[in-house]
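Let me begin by presenting the structure, written as structure tokens, before commenting on it.
The values are calculated or read from the model by the stated rules, or taken from the named source; none is laboratory data. Keep in mind that what you see is a predicted model, and the values were worked out from it rather than measured. Using ideal geometry, Cβ is built from the backbone for each residue, glycine included, and neighbour counts are taken over all protein chains shown. Ligands, DNA and RNA are stripped out before the accessible areas are found, and what is left, the full protein with its side chains, is counted by its heavy atoms. Shrake-Rupley method; radii C 1.70, N 1.55, O 1.52, S 1.80 Å.
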Amino acid sequence: MNTRVTDLLGIRVPVIQGAMARIADGKLAGAVSAAGGLGIIACGGAPLAWIEEQVRIAREIAGDAPLGANVMLMDPQAPQVAELLTKLRVDVVTTGAGSPANFMAAWKEAGIKVVPVVASSALAARMERMGADAVVAEGCEAGGHIGELTTMALVPSVCDAVRIPVIAAGGIADGRQLAAAFMLGAVGVQVGTRFLVAKECTISPVYKEKILKAKDIDTISTGRRLGHPVRALKTPFSRELAHMEYDPNVTDEEFEKYGVGAVRKAAREGDAQHGSFLAGQVAAMVNKEQTCKEIIEDLFTQGEQVLGGAMKWVK
């Protein structure tokens, strides 16, 4: 399928894999890129040596297909990560939790496409003025860090605010939602939660099983107290975090400290009691483990059926 996003990024299908911290490694990103989408390595909180190794692994899997990486700009080592990605010359950098202004010139000079994730039309317009090549408009249905607006409200608002390509994210797990994103004005989609159960995804079996068994009311958002809300599955950890959020006897420092290491405990250790199992509201619609190639094929097969073949005219 050919859209402004495929033309811009040099990919075959307009699907970007979400950058999921402690989850999106070289094996997953490489498999998505090899399947025609854009795989993204999540660099937030990761050692530089690990990032370099994952880029190598992804390139071995993806061959000449484009590859991306994500920089969490609130990460204290974001400047070092930005410099490393420039050196490694990844094809695309997505950003979140801050402004990429300090790194934009170096990335552009290296030929890297810059695609910030935004949660408002004002931020999208700012990123366009700064020189972003495209934006990901991510609604609060998404897993992980979220804003306040839903995808249905956010995407058309961002499309009206900018001229650069808009990629829709948050609540996209099947072809019906993909088709809806295009009807809202997007020319690509970012998918996260569904890729959690990809066969190439290396998270713990416990994590995958929780996604496969999730119901539509099984996610919760916490962290608004600190200005950084996060969506995850309801577990003993996330329920306790929700309780602490409004407890006046709990300090901000205690609240923040409680969550340290929780994503790693979920993704790598499968700790059902103390892990934070990040997931979007569409987790209930994810009901089988597939390869990345099969996931992408399913999305577009159903999307074409929904739109009656009209998707080929989206440009």
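With a 1.4 Å probe rolled over the protein heavy atoms of all chains, the accessible area of Tyr246, Tyr207 falls in the order Tyr246, Tyr207, largest first.
In terms of solvent-accessible area of protein heavy atoms at a 1.4 angstrom probe, what is the ranking of Val263, Val115, highest value first? Don't skip to the end; give the middle numbers.
Values: Val263 35, Val115 0 Å².
The ordering from most to least exposed comes out as Val263, Val115.
Residue-wise HN-Hα couplings along the stretch 44-53, as the Karplus relation 6.51 cos²θ - 1.76 cosθ + 1.60 with θ = phi - 60° gives them from phi, are x, x, 9, x, 4, 5, 5, 4, 4, 5 Hz; Gly and Pro carry x.
Let me know the shape class of the chain, please: from the alpha-carbon gyration tensor, a ≥ b ≥ c as square roots of the eigenvalues, rounded when a/c is under 1.5, otherwise prolate if a/b is greater than b/c, or oblate. Don't skip to the end; give the middle numbers.
On the way: a/c = 1.34, a/b = 1.21, b/c = 1.11.
Rounded is the answer for the chain, as its axis ratio a/c remains below 1.5.
Straight Cα distances below 18 angstrom link Lys27 to the lysines Lys199, Lys208, Lys293, with same-chain residues fewer than 8 positions distant left out. Computed across the stretch 126-275, the Kirkwood hydrodynamic radius from all distinct Cα-Cα pairs reaches 16.9 Å. Bridge orientation summary for the chain: considering DSSP beta bridges with both residues in this region, about 20 percent are antiparallel. For Met20, the accessible surface of its heavy atoms amounts to roughly 30 Å² (probe 1.4 Å, protein chains only, rounded to the nearest 10).
At 1.4 Å probe radius, can you tell me the per residue accessible area of the chain in Å²?
On the way: 13430 Å² over 315 residues.
Accessible area per residue, the chain: 43 Å².
Per-residue Karplus couplings for the stretch 57-69, computed as 6.51 cos²θ - 1.76 cosθ + 1.60 with θ equal to phi - 60°, are listed in order as 4, 4, 5, 5, 7, 7, x, 8, 5, x, 9, x, 9 Hz, Gly and Pro entered as x.
Can you compute the helix-only [θ] at 222 nm over the chain? Use -39500 (n - 2.57) per DSSP H run of at least 4 residues, normalise by all residues, nearest 500 deg cm²/dmol. Value at 222 nm, helices only: -12000 deg cm²/dmol. Projecting the Cα atoms of His228, Ala214, Leu278 onto the charge dipole of the stretch 175-312 (Cβ charges, centred on the Cα centre) puts Ala214 farthest toward the positive pole.
Kirkwood radius for the stretch 22-79, taken over all pairs of different Cα atoms as the inverse mean of 1/r, rounds to 11.1 Å. Ser204 sits with roughly 10 Å² accessible to a 1.4 Å probe, with DNA, RNA and ligands left out of the calculation.
Approximating the spin labels as points 7 Å out from Cα along Cα→Cβ, the Arg239-to-Gln305 distance works out to 3.7 nm.
Give the carbon-plus-sulfur fraction of the accessible surface of the stretch 130-265 in %, rounded to a whole number; probe 1.4 Å, heavy atoms of protein chains only.
Values: 3150 of 5850 Å².
Using a 1.4 Å probe with all protein chains present, the stretch 130-265 comes out at 54 percent carbon and sulfur.
The heavy atoms of His228 offer some 90 square angstrom of accessible surface to a 1.4 angstrom probe. Once the Cα-Cα distance is subtracted from the 0.36 nm per residue extended length, the Glu289 to His228 segment shows a gain of 18.9 nm.
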